[in-house]
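The structure appears right after this line, and notes come after that.
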Amino acid sequence: MIRLVSFKEATKPVSPAATDYNQGELFHKAMQLYQSRKFPQAGKVFLTLSKLFTEASPQSKASSSAMRANYFKMCARRAEENSAQVKNFLGNALECLKQALENEPYWAEYLESGGKIEIFLHQTFGCEVSFDGKCWSTTCYKVSRALGLPGISPGMTERLECSICGKDPMLCEHVPGEIYDKRLALNVAKDIKCDHVSIVDEPMQRETYVLPEPLTAEKLKQILPKRLAEDIVARRKPLTCKDLLDAIQKNGLHGVSWAR
Amino acid sequence: MEKSPKDGPVLREDLPPLELEKMLKEKGYGSEDIASWLKKDILFVSSRKTGSPAIEAITPETLTIKKYLSQEKNSLKIDFAFDKAGYRYLELLSAEIYVGIIVFLTITAWDLAKGFISSWLYEQYKGMQKDSKDLNVKLEVEIRDEKKGRIYHIKYAGPADKVAEIIKERELK
């Protein structure tokens with residue numbers, strides 16, 4: 001399997017957004033333990049460190065959440081790479097990073113680390129398909145793409161705001177994609193109005209694929225291996241996009257008849 | 001019938017010179033703004049109108065390339081001609097790199113900037129290539145050599161991987 005993000009990359013600790021001398025020393029100690037592959041000890045130090053960020057400033061709050069994310073990453077490093085434990089620990093780490101980003105929305109290192117965890121979780125475990133009591137519905141673009149469903153390419157007009165200075169990007173010098181004082185410069189879209197829509201084979205915006213039809217228990221039994229289908233229908237196991245991708249490949253499923 | 005980029009790359013070099021001053025006047029820009037823009041080395045011009053009533057639509061890529069260029073080639077005077085009172089950004093979210101009109105008002109500017117622009121486009125192309133195989137570019141460039149009284153106007157639509165060689169091949173002598 002091609003790995004877009006390795007386990008090592010997904011579990012790499014992030015730095016605090018700001019530190020005083022003691023916090024800096026402790027972070028340094030935690031990183032030394034991490035580099036010596038003493039993950040349980042490193043995790044403990046990260047957890048202690050997370051409690052030392054007690055100031056009300058956004059950077060202090062973001063740092064505390066980020067250090068908790070590091071703690072969960074170290075917990076994940078102690079477990080088997082493909083285990084359910086890793087899925088849970090990295091899920092928690094991702095939540096902590098999202099909390100950190102609520103306080104520092106464009107902190108480049110947290111955005112990057114969160115993105116890597118999301119990719120790792122999706123490539124390793126797949127995403128869970130939601131069940132509404134009758135049918136299973138997925139919004140995973142990989143399933144739509146594997147079924148050969150078309151996508152939508154929307155064109156829209158908008159106003160933009162620079163993530164660094166809040167000005168219209170026309171009036172500032174910050175270049176999108178560059179990092180300024182550890183924050184990522186982005187053009188943040190505001191006041192979006194749809195201009196046109198095209199139907200295309202492969203949309204650049206992956207989230208815009210036409211969704212597949214919801215699947216009934218009957219349908220699942222037709223396309224999935226018998227035991228897996230029984231477990232999913234009996235709600236003993238969740239249905240994931242990986243199960244569907246295997247079924248699509250195995251049964252040669254393809255075409256717009258699968259569209260919702 | 002005009003050739004479509006779907007039939008292969010379309011490169012037009014037989015275009016009349018861009019009547020820049022007239023075009024800027026038609027867009028309704030003030031004469032002071034126009035006079036100031038014509039003194040620059042490179043001018044980015046918004047080329048699309050959208051919506052009803054039509055307003056100027058600037059693609060974020062055009063602005064980004066202008067910013068990079070200003071940063072990298074800070075000896076050049078670079079500006080963006082746009083309607084300060086009524087413009088919006090046009091986000092296409094498609095497998096195209098859409099860069100608006102870039103007018104090189106001096107030959108030095110062209111010499112200094114062409115390599116940078118072609119590399120920037122190539123980088124964008126390589127980044128997008130991970131997701132999609134067929135990437136297209138629509139590009140319109142005018143270079144003015146005031147000393148020799150020569151104007152060179154290129155319009156290109158077609159595969160992105162041909163852009164770098166097309167730009168680099170255009171050596172003005």
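When A:Val175, A:Val143, A:Val188 are screened for being β-branched (Val, Ile, Thr) and under 27 Å from A:Phe7 (Cα atoms), only A:Val143 passes. May I ask you to say which residue of A:Leu220, A:Leu245, A:Leu253 is in a loop (DSSP other than H, G, I, E, B) and surrounded by 16 or more Cβ atoms within 10 Å (Cβ to Cβ)? Of the residues listed, the single one that is in a loop (DSSP other than H, G, I, E, B) and surrounded by 16 or more Cβ atoms within 10 Å (Cβ to Cβ) is A:Leu253. In the range A:157-166, what residues are surrounded by fewer than 18 Cβ atoms within 10 Å (Cβ to Cβ) and either within 9 Å of another protein chain (Cβ to nearest Cβ) or acidic (Asp, Glu) (or both)? The one that is surrounded by fewer than 18 Cβ atoms within 10 Å (Cβ to Cβ) and either within 9 Å of another protein chain (Cβ to nearest Cβ) or acidic (Asp, Glu) (or both): A:Arg159.
Which of the residues that make up the range A:1-38 are part of a helix (DSSP H, G or I) and either touching a residue at least 60 places away in the same chain (Cβ under 8 Å) or of a type in the set (Lys, Arg) (or both)?
First pass over the range A:1-38, keeping only residues part of a helix (DSSP H, G or I): A:7-10, A:21-35.
Residues satisfying the conditions are A:Phe7, A:Lys8, A:Glu9, A:Ala10, A:Lys29.
For the residues B:Ile65, B:Ile97, B:Ile117, B:Ile55, the requirement of being β-branched (Val, Ile, Thr), more than 21 Å from A:Leu171 (Cα to Cα) and within 14 Å of another protein chain (Cβ to nearest Cβ) singles out B:Ile97. Before we move on, is A:Lys237 free of Cβ contacts under 8 Å to residues at least 60 places away in the same chain, loosely packed, with under 15 Cβ neighbours inside 10 Å and within 24 Å of the chain's Cα centre (by Cα)? It is true that A:Lys237 is free of Cβ contacts under 8 Å to residues at least 60 places away in the same chain, loosely packed, with under 15 Cβ neighbours inside 10 Å and within 24 Å of the chain's Cα centre (by Cα).
Which of the residues that make up the range B:65-87 are of a type in the set (Phe, Trp, Tyr) and over 11 Å from B:Ser46 (Cα atoms)? B:Tyr68, the sole residue that qualifies.
For the range B:58-111, a residue qualifies if it is among the small types (Gly, Ala, Ser) and at pLDDT 85 or above, and the qualifying residues are B:Ser70, B:Ser75, B:Ala81, B:Ala109. With the condition kept exactly as written, say whether any residue in the range A:128-146 is within 14 Å of chain B (Cβ to nearest Cβ), buried (at least 17 other Cβ atoms within 10 Å of the Cβ), assigned to a helix (DSSP H, G or I) and free of Cβ contacts under 8 Å to residues at least 24 places away in the same chain. For the range A:128-146, residues within 14 Å of chain B (Cβ to nearest Cβ), buried (at least 17 other Cβ atoms within 10 Å of the Cβ), assigned to a helix (DSSP H, G or I) and free of Cβ contacts under 8 Å to residues at least 24 places away in the same chain: absent. The condition of being within 30 Å of A:Val197 (Cβ to Cβ), within 14 Å of chain B (Cβ to nearest Cβ) and buried (at least 21 other Cβ atoms within 10 Å of the Cβ) holds for only one of A:Pro169, A:Pro154, A:Pro150, that being A:Pro169.
The values are calculated or read from the model by the stated rules, or taken from the named source; none is laboratory data. Quick caveat: nothing in here was measured; it's all calculated off a predicted structure. Quick reminder, even Gly has a Cβ in these numbers, built from the backbone with ideal geometry, and neighbours come from all protein chains shown.
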